[in-house]
Amino acid sequence: MNIHEHQAKAVLSEFGVAVPRGYPAFTVEEATKAAEQLGGPVFVVKSQIHAGGRGKGRFEGLGDDAKGGVRVVKSVADVTTNAKEMLGRVLVTHQTGPKGKQVNRLYIEEGAAIAKEFYLSLLVDRETSRVSVVASTEGGMDIEDVAHSTPEKIITFSIDPATGVWPFHGRTLSQALGLTGDLAKQANKLLGQLYAAFVAKDMAMLEINPLIVTEDNQLRVLDAKVSFDSNALYRHPEIVVLRDESEEDPKEIEASKFDLSYIALDGEIGCMVNGAGLAMATMDIIKLYGAEPANFLDVGGGADEAKVTAAFKIIMADPNVKGILVNIFGGIARCDILANGVVNAVKQVGLSVPLVVRLEGTNAELGKKIINESGLNVIAANDLSDGAEKIVKAVRGSV
């Protein structure tokens with residue numbers, strides 16, 4: 001689960017992290033009031049969307065020369081003017097894709113006198129089962145670009161959960177960023193605060209870009225992006241209430257109600273699979289045969305008829321779907337139960353696109369019998385390769 005920048009900074013400030021003063025604003029009037037409370041002399045008007053690259057983004061309808069989604073201004077009147085221009089408009093960045101995202105809230109923040117900019121992030125390293133720290137002197141840039149052009153400027157080290165942050169971790173961070181004296185002490189303290197927040201709130205990623213040194217030699221978190229482990233949200237009702245469903249695909253929201261792992265994509269072949277690895281393989285083989293998957297959807301090993309019915313409805317709700325491939329390998333989830341779910345779903349929502357079903361594993365023959373006797377117009381597949389080839393051909397033949 002992702003949250004907005006102003007929410008991330010509020011969470012971090014609970015752990016003592018130094019952030020600039022600021023206020024969220026959902027209306028132009030609130031933006032004006034926030035600026036008056038801050039007092040100036042410099043304000044930053046920040047679009048709040050779940051995507052990076054806001055500063056370099058562009059608003060639809062304002063032309064290519066229009067200012068981006070993060071603007072530095074020097075009066076309350078300018079805050080008001082920019083808020084009117086930004087709220088309710090669609091902001092397009094390199095992370096949103098061409099559709100962009102509508103700006104429904106702003107963050108009005110005090111300006112900062114920046115002397116240096118750094119990059120700093122914490123994330124879960126699945127290979128070592130530790131929290132990795134990624135730091136670079138190239139703050140304010142996309143870390144992917146830094147990794148491509150100057151990888152030597154990225155320093156990574158991990159923190160053992162059994163020990164937590166030790167002084168040598170702080171020294172490693174300070175050396176990576178070239179900080180000495182009091183700034184090195186601040187970096188050591190900041191790393192401890194960030195790690196404490198990361199662990200306590202079950203974060204999956206914490207990215208600060210940029211982390212700045214102000215002209216009076218203070219470390220400040222100027223921007224923060226935080227995502228949380230969805231599997232741990234039951235422990236954090238205070239985080240769940242921060243969820244902004246307007247930033248999410250409605251189909252993904254519906255899927256979460258049934259504990260389905262669903263991610264919308266841009267292709268034309270809807271996929272319903274049980275098992276994350278099998279779902280990835282299914283997507284890969286669809287691409288191998290020349291088409292694009294419309295989604296990642298894992299109904300899970302313990303799927304029942306209700307979950308399968310909900311999954312099918314979600315796939316059919318996507319107007320881009322021109323065909324559906326159901327790929328089930330029965331283990332804990334039996335093929336007959338999943339087959340009944342497919343049949344019930346089709347009867348409820350109808351079937352207007354080709355449907356290919358591949359069943360293998362526990363009660364596969366019974367599942368195939370249920371499908372065959374349902375009266376549905378279903379194309380049977382012998383294996384995954386056969387299923388992918390058949391659905392791609394069926395879709396290509398129908399367009």
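Some points to look at:
- Scan the stretch 357-399 for residues that are touching a Phe, Trp or Tyr at 6+ places or on another chain (Cβ under 9 Å), in a helix (DSSP H, G or I) and among the basic types (Lys, Arg) and the total you get is 1.
- Some residue of the stretch 363-380 being farther than 13 Å from ASN274 by Cβ, buried (at least 16 other Cβ atoms within 10 Å of the Cβ) and basic (Lys, Arg): yes
- Subset of the stretch 216-247 (residues that are in a loop (DSSP other than H, G, I, E, B) and surrounded by 16 or more Cβ atoms within 10 Å (Cβ to Cβ)): LEU222, ASP223, ALA224, HIS236, LEU242, ARG243, ASP244
- Scanning the stretch 66-80 for residues that are in a helix (DSSP H, G or I) and surrounded by 15 or more Cβ atoms within 10 Å (Cβ to Cβ) returns VAL76, ASP78, VAL79, THR80.
- Residue match in the stretch 24-37 (condition: closer than 14 Å to ILE108 by Cα, surrounded by 15 or more Cβ atoms within 10 Å (Cβ to Cβ), in contact with a His (Cβ under 8 Å, 6 or more places away or on another chain) and touching a residue at least 40 places away in the same chain (Cβ under 8 Å)): yes
- The lone criterion from (1) closer than 14 Å to LEU122 by Cβ; (2) surrounded by fewer than 17 Cβ atoms within 10 Å (Cβ to Cβ) left unmet by GLN193 is number (2).
- Candidates SER230, SER132, SER149 - the one that is in contact with a helix residue (DSSP H, G or I) (Cβ under 9 Å, 6 or more places away or on another chain) and on the phi < 0 side of the Ramachandran plot: SER230
- Pick from the stretch 113-122, criterion touching a helix residue (DSSP H, G or I) at 6+ places or on another chain (Cβ under 9 Å) and not basic (Lys, Arg), ranking: farthest from ILE159 (Cα to Cα): PHE118
- Taken over the stretch 298-356, residues that are in contact with a strand residue (DSSP E or B) (Cβ under 6 Å, 6 or more places away or on another chain) and among the polar types (S, T, N, Q) amount to 1.
Each row is one residue, and each column tells you yes or no for (1) at negative phi; (2) among the acidic types (Asp, Glu); (3) not assigned by TED's automatic domain parsing to the domain that holds LEU179.
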{"position": "VAL90", "(1), (2), (3)": "yes, no, yes"}
{"position": "THR93", "(1), (2), (3)": "yes, no, yes"}
{"position": "GLY97", "(1), (2), (3)": "no, no, yes"}
{"position": "VAL103", "(1), (2), (3)": "yes, no, yes"}
{"position": "LEU122", "(1), (2), (3)": "yes, no, no"}
{"position": "THR128", "(1), (2), (3)": "yes, no, no"}
{"position": "GLY140", "(1), (2), (3)": "no, no, no"}
{"position": "GLU144", "(1), (2), (3)": "yes, yes, no"}
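- In the condition set (1) in contact (Cβ under 8 Å) with a residue 60 or more places away in the chain; (2) loosely packed, with under 15 Cβ neighbours inside 10 Å; (3) under 23 Å from TYR262 (Cβ atoms), MET205 is compliant with all but (2).
- Helices (runs of 4 or more DSSP H) enclosed by the stretch 263-356 - at least 2 residues per element that are farther than 21 Å from GLY375 by Cα: 276-288, 305-316
The values are calculated or read from the model by the stated rules, or taken from the named source; none is laboratory data. What you see is a predicted model, and the numbers here were worked out from it, not measured in a lab. Glycine also receives a Cβ, built like all others from the backbone with ideal geometry; neighbour counts cover every protein chain displayed.
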